[in-house]
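To keep things clear, I will list the structure first and then write my remarks on it.
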There are 4 protein chains.
Amino acid sequence: MKNERLTCAILGASGYIGQHFARMLADHPYFEPPLLVASERSEGKRLGELWQLAEPPPENLADAKLIAATPSDLARQGVSAAFSALPSGTARDVESELVRRGVSVFSNAADHRMDARVPLLVPEVNADHLALITARPRPRSILVTNPNCSTTGLVLALAPVDRLLAPRVVHVATYQSLSGAGYPGVPSLAITDNVVPFIREEEEKIREESARILGRRRAHTVVPSPVPVLAHCARVATREGHLEAVTVEATRRPRLEELETAWESFDPLHDLDLPTAPCPPIELRREPDRPQPLRDRWAGRPVRARGMAAVVGRVRWTPPYLRFFVLSHNAVRGGAGASVLNAELALRTGLIGRAEGETE
Amino acid sequence: MKNERLTCAILGASGYIGQHFARMLADHPYFEPPLLVASERSEGKRLGELWQLAEPPPENLADAKLIAATPSDLARQGVSAAFSALPSGTARDVESELVRRGVSVFSNAADHRMDARVPLLVPEVNADHLALITARPRPRSILVTNPNCSTTGLVLALAPVDRLLAPRVVHVATYQSLSGAGYPGVPSLAITDNVVPFIREEEEKIREESARILGRRRAHTVVPSPVPVLAHCARVATREGHLEAVTVEATRRPRLEELETAWESFDPLHDLDLPTAPCPPIELRREPDRPQPLRDRWAGRPVRARGMAAVVGRVRWTPPYLRFFVLSHNAVRGGAGASVLNAELALRTGLIGRAEGETE
Amino acid sequence: MKNERLTCAILGASGYIGQHFARMLADHPYFEPPLLVASERSEGKRLGELWQLAEPPPENLADAKLIAATPSDLARQGVSAAFSALPSGTARDVESELVRRGVSVFSNAADHRMDARVPLLVPEVNADHLALITARPRPRSILVTNPNCSTTGLVLALAPVDRLLAPRVVHVATYQSLSGAGYPGVPSLAITDNVVPFIREEEEKIREESARILGRRRAHTVVPSPVPVLAHCARVATREGHLEAVTVEATRRPRLEELETAWESFDPLHDLDLPTAPCPPIELRREPDRPQPLRDRWAGRPVRARGMAAVVGRVRWTPPYLRFFVLSHNAVRGGAGASVLNAELALRTGLIGRAEGETE
Amino acid sequence: MKNERLTCAILGASGYIGQHFARMLADHPYFEPPLLVASERSEGKRLGELWQLAEPPPENLADAKLIAATPSDLARQGVSAAFSALPSGTARDVESELVRRGVSVFSNAADHRMDARVPLLVPEVNADHLALITARPRPRSILVTNPNCSTTGLVLALAPVDRLLAPRVVHVATYQSLSGAGYPGVPSLAITDNVVPFIREEEEKIREESARILGRRRAHTVVPSPVPVLAHCARVATREGHLEAVTVEATRRPRLEELETAWESFDPLHDLDLPTAPCPPIELRREPDRPQPLRDRWAGRPVRARGMAAVVGRVRWTPPYLRFFVLSHNAVRGGAGASVLNAELALRTGLIGRAEGETE
């Protein structure tokens, strides 16, 4: 596989997450520049003319045209990996069909997240959940999902301190950015000088998905964590970056330094050297007023991992209550970047390779 | 006292809360249009030229000049009531001196809020705390404080359901508006496209003040509520109206309807017919996405009570956890209006009257 | 007609301008509370559940249901006046059909604005253009349009000084609010921390419509003003209120005081005492930093005329160039209120009356 | 001088422009990392703790401490170049004193901009104005100023087409960002949901400074351009990037293609290969809705020249009126970057060199 990059495609390339996929895959060491797949409505348009991000489109993709393609089209063209930014509802069948046809899917869509045999993956947290796949005979193609955008930052912050605290319950209130709703998404008149204390199905997703990700694997199944995660979800007028106020009611009483060390030394992927893995994955800030969406959304090193770190701050430990804020970039760490990292992990651990007929 | 209105003054009339005081007292049935007292820096300026609210200044005060006046000046001029929007630190001595000289003070400042003999008052919630004063020989002048802007909405929402739930702990996360920091307050570069997860001393105030307000009076003292109120405080880019996400862990299990009825029927001041008392004080909304700062900040009827109601919505009751959002106008219900209502209650219950040589 | 109010309907009642119509007509001295007509998509919904304005919906219309109705339905129900907030393209045929069937139409839509026999009316500026109608045998029903939202404020500001200056050319740059695009309108991601220097067809409308409104009537036609009005149109992140920077290159050289007097004494409708006519229609501000959308959008007295005045400020006269800013509420003065005022003028001048008793 | 970098200092390093200087000089091929000079109020603080930009502080300067230093201190320490972000009023004497003591000053401050012997420089436009200096015996140290933030983008856009159009008058309306007022600058309550149509002295600066920059050099003096530049200046709620709507009334009638070519081929510094010079300096966009502050503020290549290009768009040529929008980053192209580029030009053309070896 050395020096040869896999062919890939972005499903839903016209949307906001699709464009972040394009940004991150335009020049990736493991993947060729992606095919841009979209619905017929966008077919034939240049990526550049649909572009919605503040950053300019990648030069090598700005003039690329969006195509409409079926799963069989993609399989026939030898696509190895599909990155899915499809809307819920649409994603289920398309993604299943792709896998059947030998195309591995790394999906940001919600449809398959709770499927028993599909890993809901945050590599730093539950890489062992890939065993839902690996335990079976090695597949030609796999399906891996990443969680909801506000779940990712939360579980990254909880995982390092989970054992130290043995939580009884977790309370979360979110300050979610506009891009979480995609484009066109939130009308400006709905949010200017306003906060909207409701995001459809978000609180349920946070509860179910974090229970699954923080659950224990037993052989080829995952036993969800029994700790309830109770969320209030609200939309605020920031462009990117989901901020979350977290209170953990703990049943153990570690020292504050132990908690800080747990966060700062957390780096389970370190040895794999994945291109998009932030090092460290959690940045702990000690200023009184951080993390902030404006300043911390792009946290993450090296350059390729910008936007992939979760930033934890304002830690207050008054046992049994641990309170802190965590911020992560919803469209990167909680969206496109999540699936890119999932794919890198799958590739590095040998779960996927170049598509049909290829020998390594 | 009939038909005669008390003379009054606003301390700190140049600031944002001071201007809301001016708005609410410009044409008040119990009080004469206020004297506008400010620091020497603002002395001689017209209220209109300092005006920062979106609404125009009251016509009868727009050209009124701000004066610098000492407590003894105000006492000498026969001022009966002073509404204080003084900054913390400055307020303590000035307010004490005014009371000593026979001027009753209704204060939005923090300095005296935790004083044992000073009521920290939200009339609908703890009117009986006025007994901290009334138990003593009837004073010529009194000092009453109102709580911090985010505490007021919270205790209004908690009070009606407090007995039904018998809370074990209360968790709050706030979405506080720009005006909570006064003017000039938050720099635009600090908050545009941003959330700042820190407001100095706010979380402590919410905890201490709500414990005191929800505490039980025993004779002439208040025993604070033992239920911890744990807050995350954050600033968002809304102009006015503090939104709060509240989770109550309850030890009792009423039916949802009981909770809703408790909120909707809550109106302990009804018979007093105070001009600025909202009727009802709590508006319960059943839409999926309310309350919102933009739309609900001015809740409260009749017209004089605009901005005085707390709006509760998104109620979810999954025992033992009750979750909801509450919104109240920080500068009205949580600021100027709070002290105006306190003064109305004091006047109606005979605690204060006209200053000079009073005969009723 | 005394004491009897006309029946009326709002076309496009679900939209942003439609809702401002509802707000202004809910309790109007000349009109009954309106029927709320919308497309089938909104049929059967309550106005309250579709409500998008920051102010609460009028109490007597909040629970009114939107209906789908054809022109003949409305004519049959005896509707005398239809206020049209229909989208361009849809408006043309519906409005024509209504007039044919005896229903007078007061339209905010663009479709008929440039029709030779249809007045494009700003009552304070070109009430005489109603002669396009009156010169013909008195019609059973009439069609009157109001201009584009940014044109209205501009011509109001230009009209009083037009003769004094005898302009050679007028330059305008606009700062237009979000509500100018209706709801959902501008996506929040497109405008947060941004300005969009383009509004489709807006510059053309400003040029053509102001030429027509400021044109001279000759018998039953209007000769457009030959003075070019050159606009730059941009969208900024304000909720309501269009601000415009205006430079007039003059061929005459009046004194500054003459210009100020012309604006301040301008009140051609004064004697008609129309309910929604602001008195005065132009508010001239002398502060260095006004008008501002936040503070001046609701200018206009009495209460019913809130949002109907144009606010002129920052006047600089360095001959031959007169520079100033003007602000007007795009959805009121430049939208719903414009047509309400047009209808009031038509009714007071006898152009329209009650429909009942008329036979089709 | 080869391979040896000059020592430099930033004056006013705690402010917004000062921080952009730090960002641009932290790793510059011509200059050593700068000393950070500030007032005594900031003395001893780390740059990182004062940091206000959205981007993180440069790693090698984040922990650098701000110092209070007099001109003689800086001269004694062998500083060759001082980049001045001092406030108006303070700048005049400090900058003069530095030059007297042998330290060259590249200043963003207004104080010396109109001095007869001080170049007011935009290198692409009037590099020949350096002759105000060079004509004299080669100085040990020089003083060069850059224009006001909104002037820079304007003259960059005008210069390439100036001769083709031979303007009679230029009209400008600005949409200026929050950072133009520095930090803390504009209070959030003053600008949220608002536009402020006034920026003190800005319109005068645009007129005078553009006349000077576009003026003709005659020997050692500059004859200002006689073409009036009439501006309306307004503040909008964008973080960075000044947008300007420009109308040129021309006396000549080139073809549109000539104008476009003039802009696109404009690159007078090309051969000098200055590190911070954007190539090309003007980006001409043909989309209907560009330039936009959010998307175009960081225009400019290569990486070091990000934020240094002016972006021209929405060009409409209806003779004699040319209309377009231009956007430039006020704090980079119109602030810190302007003086960095001036210094690079001065150094490359031999006007300045290293200070060491020079005797005081």
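Between this copy and the others, label points of C:D27 are 1.5, 6.4, 6.6 nm apart in ascending order, each placed 7 angstrom from Cα in the Cβ direction.
Sorted fewest first by neighbouring Cβ atoms within 10 angstrom, B:E203, C:E4, B:E43 come out as C:E4, B:E43, B:E203. Each 20 Å bin from zero up to the one holding the largest Cα-Cα distance in the protein assembly as shown carries the following percent of pairs: 9, 33, 39, 18, 1, 0. Across the identical copies, the label point of B:D128 (7 Å from Cα in the Cβ direction) is separated from its matches by 5.5, 7.6, 9.0 nm, in order from shortest.
Assuming a ≥ b ≥ c are the square roots of the Cα gyration tensor eigenvalues, decide whether the stretch A:89-186 counts as rounded (a/c under 1.5), prolate (otherwise, with a/b larger than b/c) or oblate. Oblate, since a/c reaches 1.5 and b/c is not below a/b. In the neighborhood of A:A181, defined by Cβ-to-Cβ distances under 11 Å, what is the net charge if each Lys or Arg adds +1 and each Asp or Glu adds -1? Taking every Cβ under 11 Å from that of A:A181, the sum is +1.
Is there a pair in A:K65/A:K205; B:K45/D:K205; A:K205/C:K45; A:K45/C:K205 whose C-alpha atoms are over 32 Å apart, and which pairs would that be?
Where the Cα-Cα span goes over 32 Å, the pairs concerned are A:K65/A:K205.
When a/c reaches 1.5 or more, the comparison of a/b and b/c decides; with that in mind, is the stretch B:202-321 rounded, prolate or oblate per its Cα gyration tensor? Since a/c stays below 1.5, the shape of the stretch B:202-321 is classed as rounded. A Förster distance of 41 Å, applied to the separation of the beta-carbon atoms of B:E258 and C:K45, puts the FRET efficiency at 0.85. Taking the centroid of alpha carbons for each part, the stretch C:46-77 and the stretch A:280-335 are 47 Å apart.
Note: chain B, Cα convex hull, 128 Å³ per residue.
Taking the longest Cα principal axis of chain D as reference, the axis of helix D:337-348 is set at about 70 degrees. Relative to the other identical copies, B:R76 shows label-point distances of 5.5, 8.1, 9.8 nm, where the label point lies 7 Å from Cα along the Cβ direction and values run shortest first.
Give the shape of the stretch A:1-150 as rounded, prolate or oblate, defined through the alpha-carbon gyration tensor: a ≥ b ≥ c are the square roots of its eigenvalues, a/c under 1.5 means rounded, and otherwise the shape is prolate if a/b is larger than b/c and oblate if not.
It comes out prolate by the Cα gyration axes.
Treating r as the C-beta distance of C:R168 and C:R92 and R0 as 45 Å, the FRET efficiency rounds to 0.80. Out of all DSSP beta bridges with both ends in the protein assembly as shown, state the antiparallel percent to the nearest 5. Counting only bridges with both partners in the protein assembly as shown, antiparallel ones make up about 50 percent. Residue by residue along D:233-242, Cβ atoms of other protein chains within 10 Å of the local Cβ number 6 on average.
Give the order of B:L121, A:L61 when sorted by the count of other beta carbons within 10 angstrom, beginning with the fewest.
So the residues, fewest neighbours to most, are A:L61, B:L121.
Taking every alpha-carbon pair in the stretch A:1-87 and binning the separations at 5 Å intervals from zero gives 3, 16, 28, 26, 17, 7, 2, 0 percent. Over the protein assembly as shown, dividing the summed -39,500 (n - 2.57) contributions of all DSSP H runs of at least 4 residues by the number of residues returns a 222 nm mean residue ellipticity of -7000 deg cm²/dmol.
Neighbours of D:L284, meaning other residues whose beta-carbon lies under 14 angstrom from its beta-carbon, give a summed charge of -3 when Lys and Arg score +1 and Asp and Glu score -1. Residues B:D63, A:D73, D:D289 in ascending order of nearby Cβ atoms (within 10 Å, fewest first): B:D63, A:D73, D:D289. Among chain D residues, the one whose Cβ is nearest the axis of the rotation from D to C, given with its distance rounded to whole Å, is D:A173, 2.
Computed about the Cα centre, the dipole magnitude for chain B is approximately 640 debye when only Lys and Arg (+1) and Asp and Glu (-1) carry charge, each at its Cβ. Which angle from 0 to 90°, rounded to the nearest 10, does the C-alpha axis of helix D:202-213 make with the longest principal axis of chain D? Result, in degrees: 90. Rounded to the nearest 20 debye, the dipole size of the protein assembly as shown about its Cα centre is 60 debye, using +1 on the Cβ of Lys and Arg and -1 on the Cβ of Asp and Glu. Net length available on complete extension from A:L272 to A:R117 is 53.4 nm, with 0.36 nm assigned per residue and the Cα-Cα distance removed. Residues in the stretch B:180-194 carry Karplus couplings, in order, of x, 9, x, 10, x, x, 6, x, 4, 5, 7, 10, 5, 6, 8 Hz; the curve used is 6.51 cos²θ - 1.76 cosθ + 1.60 with θ = phi - 60°, and Gly or Pro positions show x.
Rounded to the nearest 10 degrees, the inclination of helix A:16-25 to the longest alpha-carbon principal axis of chain A is 70 degrees. The trypsin sites (Lys or Arg not before Pro) of the stretch C:275-360 that DSSP puts in a loop, and whose beta carbon has at most 12 other beta carbons within 10 Å, are C:R286.
For the stretch C:166-276, the share of DSSP beta bridges that are antiparallel, to the nearest 5, is 70%. Averaged over the residues of peptide C:203-211, the number of Cβ atoms from other protein chains lying within 10 Å of each residue's Cβ is 0.
Partner shielding of A:289-301 amounts to 5, given as the average count of beta-carbon atoms from other chains within 10 Å of each residue beta-carbon. Positive contributions from Lys and Arg (+1) and negative ones from Asp and Glu (-1), summed over other residues with Cβ under 10 Å from the Cβ of B:P275, come out at 0.
Where a number appears in this text, it was derived from the coordinates with a stated rule and is not lab data. Fair warning: this is a prediction, and the values are worked out from it, not measured in the lab. All Cβ positions, even for glycine, are placed from backbone atoms using ideal geometry, and neighbour counts span all protein chains on display.
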